[in-house]
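Structure first, then comments.
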Amino acid sequence: MESELRQINPDLLQPSKSFKKPSSGTITINVGGYLYAAQRQTLAKHPGSLLEEMVTGKKPVLHVDSMGNTFIDRDGPIFRHVLNFLRMGELVLPEDFKEAELLRREADFYRLSELAQALQDWEQQQAGQREPAFLEVTDSHERSQGLKVYCSDSSFIEKVKNRLVQISKSRLDGFPEEFEVSSNIIQFRHFIKSEQGSRLVLKQDSTFLCTLECLKLETVMLALKGGFRLLTSLDSSRGSVVQCEALHFVK
């Protein structure tokens, strides 16, 4: 039976070993350990690209895996977006896609200028749809109220929390839950628990006891590094942004 099938189609039942077999319409490539099967015409869709040169034999296959498939030493998971672009002729990415820079580098490597342009258009569209993030830092200068940090982007609140840790009896207890009002708000009402020797410190320096000014400075620095810009500050006559009663940022 097998011999009869081979007479009908010599490529049938043969593993895809490389791009060298022009009679095979479907081929398998190994990209960073991930196997992808595609039609030859799909990979050759954009003349001048690296994949087109490999398919047509313009560029010799330099590396193969243990199964004889052409091996490309690049990021395997991200190649699915490259291949989908070749198949559909358009770039469709998940809403939470976070690897635009990596995909851009892969587009450059495969010499797919059309993919690079589609990615640029996608980023511009995402930027236009993204709502601005608002950050407010208020300080009542009263122990009962303390410092309040509100941000519409909860990921920034996580960054603030990750900078601080509660130390109690020479052990790290993590960020105090009592300061968490919600995923968008931190309210620092006090800094020393009733337990003797407990203190709130920066993770990088367990000997440094946090004060209102320290926490506010850390928040401001994180905001500026994260791309926020200062909109307004109340009572800035004190001569220091850190001493202002209210700071408003936007990103």
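Computed from the coordinates by the stated procedures, all read-outs in this text should not be read as laboratory data. Everything numeric in this text was worked out from a predicted model, so none of it was measured. Positions of Cβ are generated from backbone atoms using ideal geometry, with glycine treated the same way; all protein chains shown enter the neighbour counts.
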**OP:** Please list, in chain and number order, the residues 5+ apart from Glu245 or on another chain whose amide H is under 5 Å from its amide H, with Hs placed from the backbone.
**Re:** Leu234
Original post:
Pulled fully out, how much extra length does the chain show between Ser155 and Leu35, if you take 0.36 nm times their separation in residues and subtract their Cα-Cα distance?
Top reply: 39.7 nm
Subject >> Stretchable slack from Phe109 to Arg229, in nm (0.36 nm times residue separation minus alpha-carbon distance) >> reply: 39.7 nm
**OP:** Could you compute the FRET efficiency for Asp65 and Ala246, with r as their C-beta to C-beta distance and R0 at 45 Å, rounded to 0.05?
**Re:** 0.15
Original post:
Restricting to segment 23-129, what percent of DSSP beta bridges are antiparallel, rounded to 5?
Top reply: 70 percent
Subject >> Cα→Cβ-extended label distance, 7 Å offset, between Glu90 and Ala127, nm >> reply: 2.2 nm
Original post:
Residue by residue, what Karplus-based ³J(HN,Hα) values in Hz, rounded to whole numbers, does segment 80-93 have, using 6.51, -1.76 and 1.60 with θ = phi - 60° and x for Gly and Pro?
Top reply: 4, 6, 5, 5, 5, 5, 5, 6, 9, x, 8, 9, 10, 10
Original post:
According to a simple spin-label model (label point 7 Å from Cα along Cα-to-Cβ), what is the distance in nm between Ser183 and Leu102?
Top reply: 2.3 nm
Original post:
In whole Hz, what ³J(HN,Hα) sequence does segment 110-116 give by Karplus (6.51, -1.76, 1.60; θ = phi - 60°), x for Gly and Pro?
Top reply: 7, 6, 10, 5, 5, 5, 4
